[in-house]
Amino acid sequence: MTAGARVLVVDDEPDIRQTVKDILEDEGYIVDVAASAAQAREARRSQRPDAVLLDIWMPDFDGISLLREWSERGGLPCPVIMISGHGTVETAVEATRLGAWDFIEKPISLAKLLLVVGHALEAGRLKRENDGLRRQLPAPAELVGAGKAMQLLRAQLDKIAAHDTGVLVQGEPGTGKETLARALHERSARRSGPFITVAAGAIGREHAAIALFGVEDANGTQPGLIEQANGGTLFLDEVADLDPELQLRLSSVIERRALIRCGGHEPIPIDVRVVAASSQDLDALVAAARFREELYYQLKVVPLGVPPLRDRGDDIPDLLRYHADWFATRDSLPYRNFPVAVQNRLRHYAWPGNLRELRNLVQRLLVLGNAVDVGLDEVESALGSAVTAPSAAIALGAPGIDFSLPLREAREQFERTYLLHQLDVAGGSVGKLAKAVGMERTHLYRKLKDLDIDPRATGHIVSAK
């Protein structure tokens, strides 16, 4: 049984509505009732139930027609169980075609009611989990390392997870802020709910409001990312990239615990834990009036700092083994050992790209290497190509291309040098850069990320490949 789940009961007979409501509430469910299709539409819009019990025969608008309406407007958001007093085979076939989960016949059996509702809620929960897994990027998601910094971080997470407050994660690019947010989610009471990631800088400005807040129009209702996180955690990555209007609307959602969809008029209750992340100095942005002060303090109820990898030297051996095993499993690459000499060399490396750079390095060594043990010369060669700074070539006006590289790597080196130069000319503005190079902003953000260029630090590479 999924205690605390929300069930909507739609039936025009008051006695049946009340009886079913009493039974389900005794089992720990939250129950809303509706006596008509109009009330059912409003309850489904405002409450977002986990399951619906829907009577087939109602005087104003029958259950099959309402089921068809919901199905044709973006699909059923949760299992719908039909209640039938005198249904036909044709009715059952049509309801099944439209996505009905099951049927309960009148007079309603207590045992069957609880069994069917329990199974429907479990199926809905599994579907949400699977949808969440499909949204997740295939990247390592564990907090690896037994050093002092990680021990302290885990202790902080355990303490924070017990309180349902907003959290602001701050740290350099590539330090694993999303991994930290996922770990916090898994430790919290919201672990069975969704974990939704919003990459603020990757949302096109013209579609950002709809993507975040959803939309209501003549074609139906489409929940946004914030609403999809209901009952779980919303992770706002690089929150400073949100434009001022979105910052204001987000602040209102957090304050009122409700949102209004684009085109809508009625507030939708929202139960979401917001975990925001930034690699920028938000204090400075607030002082410069480039980030809303009220949103900053709403997000920073609990601040959480992520240490850079250069301060986690003791964790390097564990991280190397973990990522070697992870890439070997995911990509069917041959597993390779990292001898002590190699571990020591990497423990004293500065890691300008943090964990992202370490992952890239391990993957490259597994792809290109042949021997079981990684050689020190391989590492030196990989690090030597990684730390070559194209900004120096830009300053000299030279192309800065290593003509001994394979075509693909030489092209990447040129693209990195070219975009760094154009970003410098654009004064760090990604919008101006997109116009200068003729790329759509979303595609440009992906390209910058692939080349490990930080658009907030013109002329500097966050982590090199």
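The values are calculated or read from the model by the stated rules, or taken from the named source; none is laboratory data. Quick caveat, the model's predicted, so the values are computed rather than measured. When we count neighbours, we look across all protein chains shown, and the Cβ atoms used for this are built from the backbone with ideal geometry, even at glycine.
Among residues of the stretch 96-116 that are over 18 Å from residue 29 (Cα atoms), those with a beta-carbon under 7 Å from a residue that is part of a loop (DSSP other than H, G, I, E, B) at least six positions away or on a different chain give the pairs 99/76; 101/79; 106/85. A single entry from 261, 273 fulfils the requirement of being more than 23 Å from residue 172 (Cβ to Cβ), touching a Leu at 6+ places or on another chain (Cβ under 9 Å) and not polar (S, T, N, Q): 273.
Checking every residue in the stretch 90-107 against the condition of being in a loop (DSSP other than H, G, I, E, B), modelled with pLDDT under 90 and closer than 19 Å to residue 223 by Cβ gives at least one match.
Limited to the stretch 157-181, what total is found for residues that are among the small types (Gly, Ala, Ser), under 24 Å from residue 357 (Cβ atoms) and either outside the structural domain of residue 238 (by TED's automatic domain parsing) or part of a loop (DSSP other than H, G, I, E, B) (or both)?
Adding up the residues that qualify gives 3.
If you filter the stretch 371-384 down to residues that are in contact (Cβ under 8 Å) with a residue 24 or more places away in the chain and within 21 Å of residue 354 (Cβ to Cβ), you find that the one that is surrounded by the most Cβ atoms within 10 Å (Cβ to Cβ) is 374. Say whether the condition of being in contact with a helix residue (DSSP H, G or I) (Cβ under 6 Å, 6 or more places away or on another chain), in a helix (DSSP H, G or I) and more than 19 Å from residue 181 (Cβ to Cβ) is met by at least one residue in the stretch 291-307. Checked against the condition, which is being in contact with a helix residue (DSSP H, G or I) (Cβ under 6 Å, 6 or more places away or on another chain), in a helix (DSSP H, G or I) and more than 19 Å from residue 181 (Cβ to Cβ), the stretch 291-307 yields at least one hit.
Among the residues of the stretch 239-257, the ones that are surrounded by fewer than 21 Cβ atoms within 10 Å (Cβ to Cβ) and either in a loop (DSSP other than H, G, I, E, B) or outside the structural domain of residue 186 (by TED's automatic domain parsing) (or both) come to 2 in all. Checked against (1) modelled with pLDDT of 90 or more; (2) in a loop (DSSP other than H, G, I, E, B), residue 316 meets all criteria but (2).
Screening residue 283 against (1) in a helix (DSSP H, G or I); (2) touching a Leu at 6+ places or on another chain (Cβ under 8 Å); (3) at pLDDT below 90 leaves a single unmet condition, (2).
Any residue at all in the stretch 334-342 that's among the hydroxyl-bearing types (Ser, Thr, Tyr), in contact with a helix residue (DSSP H, G or I) (Cβ under 6 Å, 6 or more places away or on another chain) and assigned to a loop (DSSP other than H, G, I, E, B)?
The answer is yes, given that some residue of the stretch 334-342 is among the hydroxyl-bearing types (Ser, Thr, Tyr), in contact with a helix residue (DSSP H, G or I) (Cβ under 6 Å, 6 or more places away or on another chain) and assigned to a loop (DSSP other than H, G, I, E, B).
The residue list 408, 347 contains one member that is under 33 Å from the mean Cα position of the chain (by Cα), surrounded by fewer than 19 Cβ atoms within 10 Å (Cβ to Cβ) and modelled with pLDDT under 80, which is 408. Scan the stretch 24-57 for residues that are aliphatic (A, V, I, L, M), closer than 20 Å to residue 106 by Cβ and either modelled with pLDDT under 90 or touching a Cys at 6+ places or on another chain (Cβ under 8 Å) (or both) and the total you get is 5.
Scanning the stretch 43-68 for residues that are in contact (Cβ under 8 Å) with a residue 60 or more places away in the chain and surrounded by fewer than 24 Cβ atoms within 10 Å (Cβ to Cβ) gives 45, 46, 47, 48, 50.
The set of residues from the stretch 182-199 being among the charged types (D, E, K, R) and in a helix (DSSP H, G or I) comprises 182, 186, 187.
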